Amino acid sequence: MNQSFKCWAVVPAAGVGKRMQADRPKQYLPLAGKTVIEHTLTRLLQSGAFQAVAVAISVEDPYWPELDISKHPNVMTAPGGKERADSVLSALKALEGKATEHDWVLVHDAARPCLTAEDIHLQINTLKDDAVGGILALSSHDTLKHVDGASITATIDRKHVWRALTPQMFKYGMLRDALQQTEGNPAITDEASALEMLGMQPKIVEGRPDNIKITRPEDLALAQFYMEQQA
């Protein structure tokens with residue numbers, strides 16, 4: 001890769017994953033012989049796309065220091081925050097002095113262990129000349145309903161609705177500034193929403209449907225199935 005073109009990965013991993021109803025955060029649950037986060041980080045590292053990976057971890061996390069991958073020379077640890085945006089901003093600050101303002105940063109969920117190198121390079125090659133950046137996403141094949149309580153109020157035109165995935169790819173300085181300007185706003189649920197709030201329009205890159213997020217217990221079996229199919 002051109003030395004003047006650099007990408008960094010950021011992985012917010014300070015969440016507790018309440019919906020998993022497990023005895024530990026979902027990123028530390030076992031999956032195909034490793035923890036979820038080990039699979040995720042291994043895929044990022046093995047893609048060959050990144051200078052380093054900055055992982056935002058809760059300061060009270062007892063599991064992270066026990067993983068060999070936490071000591072990988074290309075893995076950096078940053079203190080996690082209360083919300084996702086806080087953790088991402090913390091990881092970006094850990095990259096200060098290493099990443100330049102115009103380097104690209106790809107933010108990826110710790111609980112998406114099925115990400116492929118194919119999707120990483122597709123996203124980078126599609127967006128590397130874009131003025132804003134963008135996200136991996138999936139178009140919706142289901143009929144979508146707008147509801148109020150338990151009542152349907154409208155059917156949404158699914159041609160205009162996409163499911164946001166990760167990684168989400170933006171320039172280092174632009175993303176840092178957007179997260180600082182929108183800090184504390186509960187409407188910022190992903191990186192793209194911070195830039196959208198400032199009037200920018202991130203692009204969509206269609207990703208693979210097997211790039212699932214581990215959210216509920218049954219997702220672990222589905223992730224293992226996808227990983228076996230990818231092998």
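Highest mean first, what order results for 110-117, 81-88, 124-131 on Cβ atoms within 10 Å? Don't jump to the answer; show the numbers that get you there.
Working: 110-117: 22.5, 81-88: 20.5, 124-131: 13.8.
Output ranking for 110-117, 81-88, 124-131: 110-117, 81-88, 124-131.
Figure the gain on full extension for ILE156 and LYS34 (residue separation times 0.36 nm, minus the Cα-Cα span) and round it to one decimal in nm.
On the way: separation 122, 0.36 × 122 = 43.92 nm, distance 4.01 nm.
This chain segment gains 39.9 nm when fully extended.
Estimate the FRET efficiency between HIS141 and PHE225 by the formula 1/(1 + (r/R0)^6), using the beta-carbon distance for r and 25 Å for R0, to the nearest 0.05. Please list the in-between numbers first.
On the way: r = 19 Å, r/R0 = 0.78.
Here the calculated transfer efficiency is 0.80.
Need one word for the chain: rounded, prolate or oblate. Basis is the Cα gyration tensor (sqrt eigenvalues a ≥ b ≥ c); a/c below 1.5 gives rounded, then a/b vs b/c decides.
Values: a/c = 1.35, a/b = 1.09, b/c = 1.24.
Rounded shape, in that the Cα axes give a/c under 1.5.
Based on Cβ point charges of +1 for Lys and Arg and -1 for Asp and Glu, what charge dipole magnitude is obtained for the chain about its Cα centre, in debye rounded to the nearest 20? Each step should come with its number before you reach the end.
Values: 24 positive and 29 negative charges, 24 e Å.
Its charge dipole is roughly 120 debye.
Does the range 42-87 come out rounded, prolate or oblate, given a ≥ b ≥ c as the square roots of the eigenvalues of its C-alpha gyration tensor, rounded meaning a/c under 1.5 and, failing that, prolate meaning a/b above b/c? Kindly include the intermediate steps, with their values, before the conclusion.
Values: a/c = 2.63, a/b = 1.42, b/c = 1.86.
The shape class here is oblate.
Name the GluC sites (Glu not before Pro) in the range 115-220 that are in a loop by DSSP and that have at most 15 other C-beta atoms within 10 Å, would you?
Here the sparse-neighbourhood loop sites are GLU183.
All other residues with a Cβ under 13 Å from the Cβ of HIS121 taken together, and with Lys, Arg as +1 and Asp, Glu as -1, what is their net charge? Don't skip to the end; give the middle numbers.
Working: positive: ARG43, LYS128, ARG208; negative: GLU118, ASP119.
Local charge sum for HIS121: +1.
Need one word for the range 115-209: rounded, prolate or oblate. Basis is the Cα gyration tensor (sqrt eigenvalues a ≥ b ≥ c); a/c below 1.5 gives rounded, then a/b vs b/c decides.
On the way: a/c = 2.47, a/b = 1.31, b/c = 1.89.
Judged from the Cα gyration tensor, the range 115-209 comes out oblate (a/c at least 1.5, b/c at or above a/b).
Quick one: work out the % antiparallel among DSSP beta bridges in the range 46-172, nearest 5. Write down the numbers at each step before the final one.
Working: 15 of 21 bridges.
Around 70 percent of the beta bridges assigned by DSSP in the range 46-172 are antiparallel ones.
Summing +1 for each Lys or Arg and -1 for each Asp or Glu, what net charge is found among the other residues whose Cβ lies under 12 Å from the Cβ of GLN229?
Values: positive: ARG208; negative: ASP210, GLU228.
The answer is -1.
For LEU165, which sequence-distant residues (separation of 5 or more, or a different chain) have an amide H within less than 5 Å of its own amide H, given hydrogens modelled in the peptide plane?
For LEU165, whose amide H was placed from the backbone, the distant partners under 5 Å are LEU136, ALA137, LEU138.
Expressed as a rounded percentage, what relative contact order does the chain have, with Cα pairs under 8 Å and six or more residues apart?
Numbers: 417 pairs, mean separation 53.1, N = 231.
Rounded, it is 23 percent for the chain.
For the range 111-152 and the range 37-79, write down the distance between their C-alpha centroids in whole Å.
If you average the Cα positions of each part, the centres end up 23 Å apart.
Laboratory data are not the source of any read-out in this text; all were calculated from the coordinates shown. Model, not experiment: these values are computed from the prediction. Positions of Cβ are generated from backbone atoms using ideal geometry, with glycine treated the same way; all protein chains shown enter the neighbour counts.
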